[in-house]
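Structure first, then comments.
Values in this text are rule-based calculations from the coordinates and carry no lab data. The structure presented is a predicted model; accordingly, all values stated were derived computationally and were not measured. Positions of Cβ are backbone-derived with ideal geometry, glycine not excepted, and every protein chain shown enters the neighbour counts.
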Amino acid sequence: MILFEDPTIEELFSNYEEPYKSKLLEIRELIFACAEINSEVGKLKESIKWGQPTYSTLETKSGTPIRIDRFGESDIAIFFNCHTVLVEFFREIFSKELNFSKNRAIIINPLHKLPITQLEFCISSALVYHKDKIRTLRTYGM
């Protein structure tokens with residue numbers, strides 16, 4: 001498990017009920033793992049924005065922030081900047097595997113197993129969005 005550098009963020013996670021807490025922690029680990037395998041990302045900054053755990057590439061400015069939180073009564077979400085084309089891009093590729101909310105989030109049922117392969121792609125894409133945007137969009141014909 002990736003240790004928390006900020007006790008405020010650790011406390012935020014401790015306040016989530018199960019099964020939300022364990023799934024959000026699993027997604028947190030996945031975000032850090034995706035960042036670690038890509039040298040363009042650099043060290044992630046974990047913070048709280050809008051009351052939600054947020055992951056930013058402040059060191060390299062390679063990507064757009066990712067936020068995670070509960071969504072509605074029974075789900076959780078991975079939020080992306082709505083001013084990007086990321087969710088539209090993910091929807092074109094994973095419309096059968098993932099659920100989305102407008103142009104801002106991937107919605108996940110915390111009672112189901114995480115679709116790791118798809119989420120790794122989405123998270124990695126967000127972490128290098130500013131560096132890789134043109135190449136990625138051309139690859140997928142956007």
Point to revise | Volume per residue of the C-alpha convex hull in region 28-101, rounded to whole Å³ | key: 113 Å³
Check your understanding: If you plug each phi of region 64-71 into the Karplus form 6.51 cos²θ - 1.76 cosθ + 1.60 with θ = phi - 60°, what whole-Hz ³J(HN,Hα) values come out, in order, with x for Gly and Pro?
Key -> 9, x, 10, 10, 9, 5, 5, 9
Review point. How large is log10 I(q)/I(0) at q = 0.16 Å⁻¹ when the Debye formula is applied to the Cα atoms of the chain, each weighted equally and without solvent?
Key: -0.81
Review point. Across region 65-118, how large is the tail of the calculated P(r) beyond 12 Å, expressed as a percent of all Cα pairs?
Key: 62 percent
Practice item. Using 0.36 nm per residue of separation minus the Cα-Cα distance, give me the extension gain between V85 and N103 in nm, one decimal. Key: 5.7 nm
Exercise for review: Scan region 7-106 for trypsin sites (Lys or Arg not before Pro) in coil per DSSP, keeping those whose Cβ has at most 16 other Cβ atoms within 10 Å, and list them by number.
Suggested key: K43, K61, K96, K102
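Eight or more residues apart or on different chains, and alpha-carbon atoms under 15 Å: count the Lys pairs in the chain matching that.
Going through the chain pair by pair, I get 6.
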